[in-house]
Each structure stands twice: as structure tokens, then as C-alpha cells.
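The values are calculated or read from the model by the stated rules, or taken from the named source; none is laboratory data. Given the structure is predicted, the values throughout are model-derived calculations rather than measurements. Note that we place each Cβ from the backbone using ideal geometry, even for glycine, and neighbour counts take in every protein chain shown. Heads up: the accessible areas ignore ligands, DNA and RNA and are worked out on the full protein's heavy atoms, side chains in. Shrake-Rupley method; radii C 1.70, N 1.55, O 1.52, S 1.80 Å.
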Amino acid sequence: MMWYKQSRNSLFFKIFINYLVIILIFAAFYMVAFTFLKSKIQNEIIQYNKLILNNTVERYSTHFTRIKNVLFQYSSNEYLVAFNSQLLTKNENDVNYLLAKKVIQNLQTDSFNPLFYLDNIVIYFNSNSFTIDKEGSSEAQGMFSNLYGSDKYTYMFWKEQFKLNQAFQLLPSAKFYKTAERSKGYELIPFSFQTFNGNYQIIAFIDISKTQQAFFGDDDNRQFMILGADNKIIYRSSDELSAAAMPAFETNQAYKLQKGYYYFKQKDTDGLTYVTLVPYANIASELRKMNLTLVLILIITTVIGLAASFYHSKRIQSPVEQIISSITDRNPLKVKSSINEFAFIHQKIHSLLEERDGVKNELASKQSVLTSFNYINRLKSINSDLSEWKDFIATEDNFIVVLYELNFRSAAYEELQIQVERASYYIREHIDLMVSERFSDSHTFQIEKNQILSVISGDTPIDNIHSLLMELKHHLDQDKKYCIVTIAISSKFEHVSQFNNAYLQVLELVQRSRLVEETQIVFQSRPLAPTFAFSPGQDQELNVCLQAGDKDRSLQLIVRCLDDMYQKEASVAQFRFFADAVISKVWKILEIFNVHTSASWELKPLMHRLKDCYTLNEYKLAFNSVIESATSLVRSKKGDTDPIVTYVMDILHTKYAEDISLDNLADKLNMSNAYLSVYIKEKTGVNFIDHLNDIRINQAQALLSGTDMNINDISIQIGYRNITSFNRMFKKRTGMTPGEYRKNNLQITSL
């Protein structure tokens, strides 16, 4: 108890207790989160199983509909109709069996179609007890006894079906076998169709093992069954499953727990009921594993936290104790602290103690020295030596700032084998020499690798400054092959506190300079046309040309815009903004065609050349190289691209302003919208709606930065009919509202 009273006010005790409080807070938070997540995860597992069943229903429902369409199409097959008519009206010897051969060819095409997962399609003609299938023709009794024999679906069963006059029948699965291989039965689902009082019925035998493998993979071991509208079992994955064992579900109830199993049930639009069983033990086992894992993590992190708390508390306390000891004992630390701050404190304290002892000793021996002015100065020197601040005393004179921006041509400097930093130093020295000779009170210094600044007295006549800069231009233009310099002159500023404003002014003047191959001297700001960008029509045309790999048409559009910008005297910053927009568009097209980085390595240095362009001709040559390489990559990949993905992406890039929906595209491709959605995600890695929103928002960014259209008109032009939806989607994609984006972009391009 005595130890506790003495140590509870110590630095170690207080730091250690603070660490413990933090650990307890985190542990409490962890337990609350764990309790919450435990129930949350159980619900997530249930929702996951519901989602799996929903996907199963969608896949099987789509597949049954596809088979139904195939069967129905045969009812209008001209060869089948003609052949059936001859069987009913002509003698057997007069029947044209070539018509049956045409039908057999169609049966072969559909039976071997990998999307239908069929074992065979059999057409049974009642009048002649005659069948045809993908292998040819045979007697009906032989077909249903020898080739497709079944204890449930005998020859007499199919014979009786003509009396029922049911159009479509999805029959329960059964084992089918050939007479010679009765032990090797294979499970099929018969799906039949016949017209009212018709002479023939069409029977599709669905290979259930192929559908299961295609839909769920080889490792699927789910307990699953399909019930018909009359509650009969169409298919079940295990003989243990039965309709009678199912619990009673309430209205809109999707799952139920009974006798250790979770039953999940869902109906499709055709009245079929799909049921999956998940043992409750599986879910409970997963939760137990999670419980043990999380408890173990809590214990380990708590132990590590306690050990770290004790270690760091001692590590902080130890140097403090040593500092106290050195003060009381007047001895320096034997071991320097590993913590820089404590080592610095000790050093300063020790120095102050030595200074104090020296003053104390001198005061004791020479009391009269207290009246000496020199001694007072010695006392002052203990705290600080003010001489180092003399170079930083600010003047009160007015001034003018001249900024020199150096635009180095990297290719030319590679020929000279000289570093840009070294060249920049030579240029600064030359400028400093000329300016200081003409204006003795000027100062020239380098603020960035490519920026040199001269500060000249504001009383200097502007004509003298202009004369100097013209002379400097003559010298700099001799090296324009290697470096193009832009010079900007500020207005006169009255006080040194305005230096930042002066720098921003000349920086803006430099950014508004024109695209010329010589040294420019900019005295005043000039009005600029709005930021240049492709119109929606030009943007769509460029997308089409790039996707087609058409170099000439793509380059023609770009050159036309470059000429227009040059004619309207666009600034250097605007040319670079335009180049960045085109490069971004080229990368998007290459992503559509799945051009990998390994294939596009030669394109990157070509794009980097655009950053070194300082004349219109250089931009045209650089774009020619970029577009030629990009279109070549597109043409090389066009044969490898997926036609469905290419078709969808082409529609999105050219008709993004229209009311595009996944349902419409799925109808045109004769697919279900769910299948098309999964297909696009698998092939491109991005959802359909994300593709559409990305294209629309990218076009909105171009219109916001390149035109003065109001935001509502832009929203309508890119395909959003609701301005609220547009604002929400734009902020989600860019992190800012359309208005904020336009304002920020105008600030950037104006610099």
C-alpha cells in the first residue's frame, strides 16, 4: 500500500494508467462491435443463401424459357410442317423423306448448341409411330425402349401424351438408359411440346448434370430441388429430398428453420418452385470459428498492448529520471537518451547550468563589474546571438518582379549530355550578371528548377527594364533549340509584404503566354478564349474513329482543333489541357480493347513528348505518333476482342446521351438482362451502369471545362433527365459538385 501511494503520482504510473484506459476503451468497443457483427454476420449468411437461390432461379427460369422458345419454333418449321402433312395425306412410299433430313439437320444444330445443355431433341409422329432425332430416324417403340429407355417414361407413356393435348410439359427428371448399358443410366429432364390435336410431339431431353456444372461449377454440392406447379418434384439433387418434408411457408416468407435445416424457397414466373436446404450446423460452425478467431485476436492484441504500454512507459520515464539526476547531481548523463527531444532538453539544461555557475562565480569575485556595459552584453549573449538575423532585415522600398520560366527540351539536352539543373544554373548566372550590371540594387535568385526571379527597384523606368529584357531575349534566343524562355513583368508593388501577390501575378502572365518558338516577354494580361474541347458530336466521332483504328480521320479531328486553338491564340496551358484530355480518351479506348501495359509500352514515351511541345508543328508531329501507335494497337486487338462487349461499348460511347438500358441491349442481343450484366462484368471487370456513368461524367467534365453551357443543359445533353441525379452522380464520381468542378478548372487554366 505504501508503494502504491508513492508511485501513483509518478510519471511511469500515470502514463501506464493512460495506456490501460485506452486499451480498455478499445476492448469495450471491440466487444460491442463483436456482439453486433455476430448477429449481422448470421443475417449476412442467410442473405447470401437467398441471393444464391435467386441466382439459381434466374438461371434455370431463363434456361427453361430458352428451351421453350426452341420447341415452339419447331411448330412453324416449314420442313417439319410439310413432312408431317405428307405423313398424314400420302402413302408411305410417296413421302419425301428429304424433308425429314432437313429437320434432322436443324435438330443436330440445336442439340449440339452448348447454350442449350441438351442430350437430344426427339420428334415423335403418332400416325406412323415414327421418330426423328439428331442421329436420324427410328421406330418410336425402339427409340423409347432401346435408346431412351426409362422405367417412368415408357413408349406407352409418350403414346398416352397425345390424348392429353397439353402444349408444354416440363416433366420430372428420370434415369434414362440404353438397353445395352442399363447400368449406366443418366439423368435427364424431358420438356415436351405439341399442338392441339397434333400428330407429333417434340421432346427435348435436358442434361441436368451439364446445367448444374455450367451454372454452379464442378465442386457444387448443394441440396436443391425444383417443384412443379402441382408440387411434384421436377428435379432433386438427393433422393433424401421430398416435397412432403418441406415446412409450411407463410405468405412472402423466403426461408424457414426446421429440424436442423434452413429451407429457402422462391417461385419463378412460370409457377416453378425452387428450394435449397442449408444445414443449420454449417452456419453455426462458421459462427463458432469466427467467435474463436475474434476472441483469440482480442487476447493477443490485449497482451501485446499491455506489454507495449509497460515498455513505452518505462522508455519515457527512464530519460526523465536521468535528467532529474543530472540536475540534482550536477553531472552530465552517462548514456545519451535515444529520444532526441530528451537529449536536446538535457543538453540545454546542462548549458544553462554551466552559464549560471559561471555568472555566479564572476559575480562573487567581481561585484564592480555589474556596472560595466560590456558585461551586461555578455549576459545578453547567453540567450541568443542576434547577428545571424542581419541578412534578413526587410527593406521598405517598392519593387517590380520579373519571372523567367525555363522550358527545357529534354531531347536536345540528351544530345548535349548535360543535366537540366546544370543548364538552369548557367542561365541564372547569365541573367544575374546582366541584371546586376544594369541595376545594381537588384536581386536575382532561383525559386524552382525551371523558374528564376529578379527583384528590381520600383523606381526604375520601365523602358530601361524593357531595353534590358530585349537584349536578354537576343541572347536567350540563340539557345532556343535547347530551352524556350517566357519572361513576365509585374506591375509596381509598394511594400515587401506584397511579394506573394507579385509572384502570383507574373505566374499568371506566364501561363497566358502564346505558343511560339522564341523567347516571349509578357507585360500585361491578355483575354483568352474559353478552354478548348471537342463538341459532343466531335467527341463521339473521335471515339468512333479511335475504336475503328482509323488514324487519318482521328488525326484530322485533332489537327483541326489544334489549328483553331492556334488561330485564336490559345495559351500554353490551354494546349496542355487539350493534350491531357486527348491522352485520357486514348487510354479509355485502349482499356475497352483490353490492351495491356506490356503491349502499350511504346505509347508512353510518345505521350510524354506532348509535354515537351512548344510549337504547333511539334504538337501535330507528337499527336501523329501517338494516334498512329494507338490506332495500330486497336487494329491489332480488334480481332481478339469480344464482339458482344465491343458492340455494347460502341453503343455506350456513341449513344450515351440517349435513354440506354440494359434491357434494350439484352433484347437486341437475344439475351436476358441478367446474363448480359454478368457477361459484361466478367469480360471488362466493370458493371454496365458504371461504364455508362463513367462515360457520361467524363463528357460532362469536358463540357464544364470547355464550354459555357449551363449545368442543366449539360445534364440533359449527356443523358440525365433529372438535374438532381446528375449532381449526385457527378459528386460521387469526382468528389465535387459540377459548379465546384467548373470553378476549380477555370482557376487552374487561368494560372
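Quick notes
- Looking across the stretch 563-581, just one residue is touching a helix residue (DSSP H, G or I) at 6+ places or on another chain (Cβ under 6 Å) and within 30 Å of T646 (Cβ to Cβ), and that is A579.
- Scanning the stretch 185-213 for residues that are of a type in the set (S, T, N, Q) and in a loop (DSSP other than H, G, I, E, B) yields a total of 3.
- Being within 52 Å of the chain's Cα centre (by Cα), open to solvent by 60 Å² or more (accessible area, probe 1.4 Å) and within 25 Å of A174 (Cα to Cα) holds for only one residue in T109, T62, T56, and it is T109.
- Flag if K259 is of a type outside the set (A, V, I, L, M), open to solvent by 40 Å² or more (accessible area, probe 1.4 Å) and free of Cβ contacts under 8 Å to residues at least 24 places away in the same chain: yes
- Taking the criterion of being open to solvent by less than 50 Å² (accessible area, probe 1.4 Å) and outside any loop (DSSP other than H, G, I, E, B), the residues of the stretch 215-243 that qualify are F215, F216, Q223, F224, M225, I226, L227, I233, I234, Y235.
- Unmet requirement for F726, which otherwise passes all of (1) in contact (Cβ under 8 Å) with a residue 40 or more places away in the chain; (2) not in a loop (DSSP other than H, G, I, E, B): (1)
- Exclusive hit being assigned to a helix (DSSP H, G or I), open to solvent by less than 70 Å² (accessible area, probe 1.4 Å) and not basic (K, R), set V455, V485, V510: V510
- The residues on offer are Q169, Q141, Q212, and the sole one that is among the polar types (S, T, N, Q) and more than 20 Å from R236 (Cα to Cα) is Q141.
- Residue match in the stretch 173-194 (condition: among the small types (G, A, S) and closer than 30 Å to Y97 by Cα): yes
- Restricting attention to the stretch 669-686, the residues that are outside any helix (DSSP H, G or I), of a type in the set (G, A, S) and under 20 Å from I67 (Cβ atoms) add up to 1.
- Qualifying positions in the stretch 672-713 - among the β-branched types (V, I, T) and open to solvent by 30 Å² or more (accessible area, probe 1.4 Å): V678, T684, V686, I689, T707, I711
- Filter pass, I627 being open to solvent by 20 Å² or more (accessible area, probe 1.4 Å) and β-branched (V, I, T): no
- Check on I104, crowded, with 22+ Cβ neighbours inside 10 Å and aliphatic (A, V, I, L, M): no
- The number of residues in the stretch 513-531 that are assigned to a loop (DSSP other than H, G, I, E, B) and open to solvent by 20 Å² or more (accessible area, probe 1.4 Å) comes to 12.
- Count - residues of the stretch 458-482 that are within 23 Å of L515 (Cβ to Cβ), assigned to a loop (DSSP other than H, G, I, E, B) and of a type in the set (D, E): 1
- Scanning the stretch 641-668 for residues that are of a type in the set (A, V, I, L, M, F, W, C) and in a helix (DSSP H, G or I) gives I644, V645, V648, M649, I651, L652, L662, L665, A666.
- Single condition S600 does not satisfy, out of (1) surrounded by 16 or more Cβ atoms within 10 Å (Cβ to Cβ); (2) modelled with pLDDT of 85 or more; (3) among the polar types (S, T, N, Q): (2)
- Residue in the stretch 113-123 that is farther than 17 Å from Y74 by Cα, in a helix (DSSP H, G or I) and of a type outside the set (V, I, T) present: no
- Y48 vs. criteria surrounded by fewer than 14 Cβ atoms within 10 Å (Cβ to Cβ) and within 30 Å of F215 (Cα to Cα): yes
- Test: residue in the stretch 133-146 that is open to solvent by less than 20 Å² (accessible area, probe 1.4 Å), at pLDDT 90 or above and in a strand (DSSP E or B): yes
- Within the stretch 601-640, the set of residues being part of a helix (DSSP H, G or I) and among the acidic types (D, E) comprises D612, E618, E628.
- For the stretch 718-740, the criterion of being surrounded by fewer than 18 Cβ atoms within 10 Å (Cβ to Cβ), under 15 Å from the mean Cα position of the chain (by Cα) and small (G, A, S) is met by at least one residue.
- Test: residue in the stretch 30-38 that is basic (K, R), modelled with pLDDT under 75 and open to solvent by less than 90 Å² (accessible area, probe 1.4 Å): yes
- Here S457 meets the list (1) without any contact (Cβ under 8 Å) to a residue 60 or more places away in the chain; (2) over 23 Å from N617 (Cβ atoms) almost entirely, failing just condition (1).
- The stretch 554-593: number of residues that are part of a loop (DSSP other than H, G, I, E, B) and either open to solvent by 80 Å² or more (accessible area, probe 1.4 Å) or of a type in the set (G, A, S) (or both): 4
- Condition check for L704: more than 22 Å from the chain's Cα centre (by Cα), closer than 17 Å to M649 by Cα and part of a helix (DSSP H, G or I): no
- Condition check for S424: modelled with pLDDT of 65 or more, touching a helix residue (DSSP H, G or I) at 6+ places or on another chain (Cβ under 8 Å) and surrounded by 11 or more Cβ atoms within 10 Å (Cβ to Cβ): no
- Subset of the stretch 195-225 [farther than 29 Å from S76 by Cβ and aliphatic (A, V, I, L, M)]: M225
- Selected residue [touching a residue at least 12 places away in the same chain (Cβ under 8 Å), over 26 Å from I558 (Cβ atoms) and surrounded by 13 or more Cβ atoms within 10 Å (Cβ to Cβ)] from L669, L633: L669
- For the stretch 488-507, the tally of residues that are surrounded by 19 or more Cβ atoms within 10 Å (Cβ to Cβ) and of a type in the set (G, A, S) stands at 3.
- Taking the criterion of being in contact (Cβ under 8 Å) with a residue 12 or more places away in the chain, in a helix (DSSP H, G or I) and farther than 15 Å from K655 by Cβ, the residues of the stretch 707-723 that qualify are I711, I714, S715, I723.
- Selection over the stretch 543-562 of residues that are more than 30 Å from the chain's Cα centre (by Cα) and touching a residue at least 40 places away in the same chain (Cβ under 8 Å) gives a count of 2.
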